[in-house]
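Q: My structure is below; once you've seen it, I'll send some questions.
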Amino acid sequence: MNYLFFTNTPAHVHLYKHAVKALCERGHEVLVLARDYTCTVDLLEWYDLPYAVYGSCGTTKGSLLTRLPGHYVRAISLARRFDPDLLFGMGGYAAHTGAVTRTPTVLLIDSEPASFDHTISTPFARAILTPNTFRKDLGDRHYVFAGLKECAYLHPETYEPNPEIRDRLGLAADEPYAILRLNAFGSQHDVGKQGITGDDRRRIVERLAEDVTVLVSDEGANADLETLPAEPFDLHPALMHDALAEADLLVADTQTMVTEAGLLGTPAIRSNSWVGDDDMGNFVELETQGLIHNVTSADEIIAHATTLLDDDGVDETWNRRREEFLTDKANLTDVIVDVALADGHVGDLESVRQFDQSARRSSVDSVGVRSD
């Protein structure tokens with residue numbers, strides 16, 4: 001069998017990397033079609049995955065739209081040349097490439113607000129997979145798995161922390177540190193959204209620096225660290241999960257890393273314009289389980305950070321909560337491999353079940369394309 005995977009962001013590389021290797025080891029032909037966006041290609045190189053680049057995209061607003069036609073032409077051309085039997089992706093690129101090449105497509109989606117992307121992609125899918133925390137009905141071909149998208153690479157069966165990460169970071173064995181993750185807010189789905197900026201950023205860094213070393217991961221490379229008591233995270237991006245697993249705290253205005261922190265047992269505070277009554281199901285669930293805090297102001301960030309950093313028992317508490325949360329969660333890599341071997345016909349698989357419309361309320365629709 002020939003399997004084709006779309007990786008449009010660094011998070012997509014992590015999502016599919018173990019499944020790609022597992023299918024290759026079984027003797028199948030696999031190709032990853034990549035968009036050269038931030039560190040996506042760097043990660044593909046690091047993990048030695050078979051890939052081809054169909055286009056590039058910057059972190060500024062408008063960068064994607066101006067290049068979209070060329071992306072599609074290149075992606076479809078590469079797909080035709082590879083001649084896949086089944087295609088995996090998260091949105092329009094995968095769905096439309098599958099439609100044009102007449103390839104069955106499996107979409108793996110985890111963001112309820114991306115209504116526009118759902119509208120233009122899901123009609124072309126053989127199957128749609130989402131976490132069981134997903135609160136929006138995507139139709140008769142919508143199936144759910146137990147867990148979160150990040151369970152494909154941070155499930156205990158899959159991930160082991162790197163014991164040498166402190167040395168790589170130049171930190172002492174007992175030196176506490178926090179990671180501040182800043183989103184570029186330059187993609188189409190970020191229009192009208194904002195995170196931690198300006199004076200709020202300074203206040204947060206200065207408060208954290210009173211107790212811990214502050215490492216800043218800045219997607220847009222816009223933060224002026226020379227005037228802040230903080231250091232850049234300057235290791236290879238493939239080592240971020242190891243750094244996150246060892247950190248005392250994550251403060252972020254982005255999405256994926258907060259979920260990753262929850263699965264790693266690292267306390268996390270998330271603050272951006274998505275936080276509110278219509279937030280995504282995975283963040284609601286993680287907060288309900290006591291693994292993250294979703295807040296809307298710098299004052300709340302500072303208050304929660306102060307409480308967490310002053311609590312000597314926080315490590316034990318978060319590890320216990322993490323273990324309880326992961327007790328019944330699937331290793332998503334195994335699910336993806338099962339779906340691949342079933343040629344996308346997921347109805348008889350034990351690892352997924354059909355979405356139960358009565359069990360979830362449909363979230364309020366909003367226009368976005370977060371999947372791509």
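Q: Over the stretch 165-326, what is the relative contact order in percent, taking alpha-carbon pairs closer than 8 angstrom and at least six residues apart?
A: So the answer I get is 24 percent.
Q: From the helices alone, meaning DSSP H stretches of at least four residues, give me the mean residue ellipticity at 222 nm for the chain, per-run term -39500 (n - 2.57), in deg cm²/dmol to the nearest 500.
A: -11000 deg cm²/dmol
Q: Could you work out how far helix 63-82 tilts from the main Cα principal axis of the chain, as a 0 to 90 degree angle to the nearest 10?
A: Approximately 50 degrees, to the nearest ten.
Q: Antiparallel versus total DSSP beta bridges in the chain: what percent is that, nearest 5?
A: Counting only bridges with both partners in the chain, antiparallel ones make up about 5 percent.
Q: For the chain, how many pairs of lysine residues have a Cα-Cα distance under 17 Å, where the two are 8 or more positions apart or belong to different chains?
A: 4
Q: Could you compute the FRET efficiency for Glu350 and Ile120, with r as their C-beta to C-beta distance and R0 at 30 Å, rounded to 0.05?
A: So the FRET efficiency works out to roughly 0.45.
Q: To the nearest 10 degrees, how steep is helix 198-209 against the longest Cα principal axis of the chain, on a 0 to 90 scale?
A: 70
Q: Just how large is the dipole of the chain about the Cα centre, in debye to the nearest 20, putting +1 at every Lys and Arg Cβ and -1 at every Asp and Glu Cβ?
A: 1880
Q: For the chain, set up a GNM with springs between Cα atoms under 10 Å and report which of Gly27, Gly281, Gly265 has the largest fluctuation.
A: Gly27
Q: Mind jotting down a quarter of the surface of the convex hull over the alpha carbons of the stretch 125-165, in square nanometres, one decimal?
A: Taking a quarter of the hull surface, the average projection is 4.1 nm².
Q: Considering Cα pairs under 8 angstrom that are at least six residues apart, work out the relative contact order of the chain and quote it in whole percent.
A: Computed over the chain, the figure is 21 percent.
Q: In addition: Hey, quick one: spin label on Asp42, modelled 7 Å out along Cα-Cβ, who in the stretch 216-246 has an amide N within reach, i.e. under 18 Å?
A: Answer for the stretch 216-246: 216-225, 231-245.
Q: Springs between alpha-carbon atoms under 10 Å, Gaussian network over the chain: tell me which of Thr256, Thr227, Thr38 tops the mean-square fluctuations.
A: Per the Cα network of the chain with a 10 Å cutoff, Thr227 tops the list.
Q: Which ordering of Asp83, Asp211 is given by a fewest-first count of other beta-carbon atoms within 10 Å?
A: Least to most surrounded, the residues fall as Asp83, Asp211.
Q: So, in nm, how far is label Arg26 from label Ala172 when the simple model puts each one 7 Å beyond its Cα toward the Cβ?
A: About 5.0 nm separates the two model spin labels.
Q: Apply the Karplus curve 6.51 cos²θ - 1.76 cosθ + 1.60, θ = phi - 60°, to the phi angles in the stretch 313-320 and return the couplings in whole Hz, x for Gly and Pro.
A: Those phi angles translate into x, 5, 4, 5, 4, 5, 5, 5 Hz.
Q: Let me ask something additional. Kindly state, as a whole number, the per residue volume in cubic angstrom of the convex hull around the alpha carbon atoms of the stretch 165-326.
A: So the per-residue hull volume is 117 Å³.
Q: Let me ask something else about it. How are the alpha carbon pair distances in the chain distributed across 20 Å bins from zero to the largest one, expressed in percent?
A: Percent of Cα pairs in each bin: 29, 60, 11.
Q: Further question on the same structure: What list do you get for Phe88, Phe134 if you sort them by fewest beta carbons within 10 Å?
A: Phe134, Phe88
Q: Sticking with this structure for a sec: Which angle between 0 and 90 degrees, to the nearest 10, do you get for helix 92-101 versus the longest principal axis of the chain when only C-alpha atoms count?
A: The answer is roughly 10 degrees.
Read-outs: derived from the displayed coordinates by stated rules, not from any lab. This structure is a prediction, so every number in the text was calculated from the model and none was measured. With ideal geometry, Cβ positions are generated from the backbone for all residues, glycine too; neighbour counts draw on all protein chains shown.
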